[in-house]
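A.B. asks: Shown below is the structure under consideration.
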Amino acid sequence: MLDVGRELGRDGLPGIVAQFRHAAGPARRAGFDGVEVHAGNGYLIEQFLRDGTNHRSDAYGGSTTHRMRLLDEALDAVCAEWPTERVGVRLTPENSFDSMSDSDPQGHFAYFLEQLSPHGVA
């Protein structure tokens, strides 16, 4: 039997962001050289980035700016624990794993990359 996903409620998003920050702290204390925010391969953040999976009508859906909001918030949380030059982001714009799709991957991911630049991440 196929397990059908459900939309993550807006009230659950602060907890998701807090989990990113929480995970970054122990990694630093354990002596890691850096951390990566995984925003690819069909995982949660990529599901928000892609217009093929993100059908939200709130502040986390619709425009590319809104679809990037969760990644921005996760990066801010991780960068509160780590220097930005020790934080990386994984994007997979040409990957269709887990049924990922986007109407304009080149345009949308060019925008996402442009918006990541001011963060100063690795």
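Just so it is clear, none of the values below were taken in a lab; they were calculated from the coordinates. Please read all numbers here as calculations on a predicted model, not as lab measurements. For neighbour counting, all protein chains shown are included, and Cβ atoms are generated from backbone atoms with ideal geometry for every residue, glycine included.
A.B. asks: If neighbour count is taken as other Cβ atoms inside 10 Å, put Asp58, Asp11, Asp72 in order from fewest to most.
C.D. replies: Going from least to most buried by this count: Asp11, Asp58, Asp72.
A.B. asks: Run the numbers for Glu114 and Glu36: contour at 0.36 nm per residue of separation, minus the present Cα-Cα distance, in nm. Present the calculation step by step, with values, prior to reporting the outcome.
C.D. replies: Working: separation 78, 0.36 × 78 = 28.08 nm, distance 1.79 nm.
Value of the extension gain: 26.3 nm.
A.B. asks: How high is the relative contact order of the range 6-122, in percent, with contacts defined as C-alpha pairs under 8 Å that are six or more residues apart? Walk me through the numbers before you get to the answer.
C.D. replies: Details: 143 pairs, mean separation 37.5, N = 117.
Averaging sequence separation for qualifying contacts and normalising by length gives 32 percent for the range 6-122.
A.B. asks: Could I ask something else about it? Give me the one-decimal nm value for the distance between modelled label points at Arg56 and Glu94, 7 Å along each residue's Cα-to-Cβ direction.
C.D. replies: 2.9
A.B. asks: Still on this structure, I have one more. How high is the FRET efficiency from Asp76 to Arg10, r the C-beta distance, R0 22 Å, rounded to 0.05? Could the numbers behind the result be given before it?
C.D. replies: Details: r = 17 Å, r/R0 = 0.79.
Result of the calculation: an efficiency of 0.80.
A.B. asks: Further, regarding this structure: Computed over the Cα atoms of the chain, what is the ratio Rg over Rh, Rh following Kirkwood? Don't jump to the answer; show the numbers that get you there.
C.D. replies: Values: Rg = 14.4 Å, Rh = 14.9 Å.
My calculation of the ratio gives 0.97.
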